């Protein structure tokens, strides 16, 4: 055990945040030379361990970092621009990782122990936190921290980064203005939530946005945005609030735009119902490997809500209009790959994602769905 870990555990017995003189006294007992700088460094390290993310805190503050991932005590990684990178930070042992995970879980009002060995929560600063204890994980306790966006990106920012060509940004802005109902799709970490927040910032300030999320991540730059967040049941099995519950409540709150941060289950049925009853411009995100896979993905999600395949395709055909698909290339660059329109195939009577425009190397390549897309612009 390191000297800092010993200090932390001894000072925890005080029952109150340690004062500088108490820390200095404990350092001298262990033969540590106490100077102004060493005392200040120790106090800051203790503060991080008691309030922040401990040794992970500096990583969370690095520019461009979107995720910090811990795979047991010896593997800490960061993700962001440039992709996954191994960090120099390590823990003393798996017990230290477990202690950090349990403290973060407790700060979010959640339980994490052998009887409940995983947790998914949002921390006070907006960081998305997930942990799995070593009792079911290998190589030990695993922690995932998703850093909330520090600033809201504009479409100009997406263009400047090369993620969207100028013509693509104009199409996206026109879709929002025309109240096109759309889904932002892509794999994990492709920037779906970030792009959706950017597009919601384009919504006229005279409109009211209702956002429903499993964990609060969307932060659009908009003056009239109400966000509703689901929550799990407590230790007694009470207090559960599902996304389906929230979608239904949102419909009673006079939304101009209904937004489902991430479509992941039966709540899709309620969203489609809303989009088919006069709520224009609704949108959300969905995990999908490609735009072409979106109809099949929606079928699977709708089945969780008891909706048949035929009903799902009928609802999608009349309620959803477009798919904006993002990808992440080998360098970690996130970009909009294509925009598809959702059209019913007359032969199969099933909805398909028809490419309207593909973006490759800064160029926009028209697809068979371009004519319908141009009607929005």
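Quick rundown of the values:
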{"item": "Qualifying positions in region 141-158 - buried (at least 17 other Cβ atoms within 10 Å of the Cβ), at pLDDT 90 or above and out of contact with any strand residue (DSSP E or B) (no Cβ under 8 Å at 6 or more places or on another chain)", "result": "155"}
{"item": "Residue 306 vs. criteria more than 23 Å from the chain's Cα centre (by Cα), in the same structural domain as residue 196 (by TED's automatic domain parsing) and surrounded by fewer than 19 Cβ atoms within 10 Å (Cβ to Cβ)", "result": "yes"}
{"item": "Among (1) modelled with pLDDT of 90 or more; (2) not assigned by TED's automatic domain parsing to the domain that holds residue 281, the one test that residue 174 misses", "result": "(2)"}
{"item": "Looking only at region 223-244, and only at residues there that are part of a strand (DSSP E or B) and in contact (Cβ under 8 Å) with a residue 24 or more places away in the chain, the one that is surrounded by the fewest Cβ atoms within 10 Å (Cβ to Cβ)", "result": "226"}
{"item": "Those residues of region 343-361 which are surrounded by 13 or more Cβ atoms within 10 Å (Cβ to Cβ) and either within 30 Å of residue 308 (Cβ to Cβ) or touching a residue at least 24 places away in the same chain (Cβ under 8 Å) (or both), in sequence order", "result": "343, 344, 350, 351, 352, 353, 354, 355, 356, 357, 359"}
{"item": "Sole residue being exposed (fewer than 14 other Cβ atoms within 10 Å of the Cβ) and either at pLDDT below 80 or not assigned by TED's automatic domain parsing to the domain that holds residue 129 (or both), chosen from 46, 14, 39", "result": "14"}
{"item": "Among residues of region 310-342, those that are in contact with a strand residue (DSSP E or B) (Cβ under 8 Å, 6 or more places away or on another chain) and surrounded by 16 or more Cβ atoms within 10 Å (Cβ to Cβ), counted", "result": "22"}
{"item": "Residues being over 20 Å from the mean Cα position of the chain (by Cα) and modelled with pLDDT under 90 - total across region 252-279", "result": "8"}
{"item": "Number of positions in region 109-140 that are buried (at least 19 other Cβ atoms within 10 Å of the Cβ), free of Cβ contacts under 8 Å to residues at least 60 places away in the same chain and more than 23 Å from the chain's Cα centre (by Cα)", "result": "0"}
{"item": "Selected residue [part of a strand (DSSP E or B) and touching a helix residue (DSSP H, G or I) at 6+ places or on another chain (Cβ under 7 Å)] from 286, 316, 327, 247", "result": "286"}
{"item": "Residue that is farthest from residue 236 (Cα to Cα), among those in region 88-108 that are in contact with a strand residue (DSSP E or B) (Cβ under 9 Å, 6 or more places away or on another chain) and touching a residue at least 40 places away in the same chain (Cβ under 8 Å)", "result": "97"}
{"item": "Region 177-222: number of residues that are crowded, with 20+ Cβ neighbours inside 10 Å, farther than 25 Å from residue 248 by Cβ and over 11 Å from the mean Cα position of the chain (by Cα)", "result": "3"}
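The values are calculated or read from the model by the stated rules, or taken from the named source; none is laboratory data. Because the structure is a prediction, the values reported are computed rather than measured. A quick note on method: Cβ atoms are made from the backbone with ideal geometry, for glycine too, and the neighbour counts reach across all protein chains shown.
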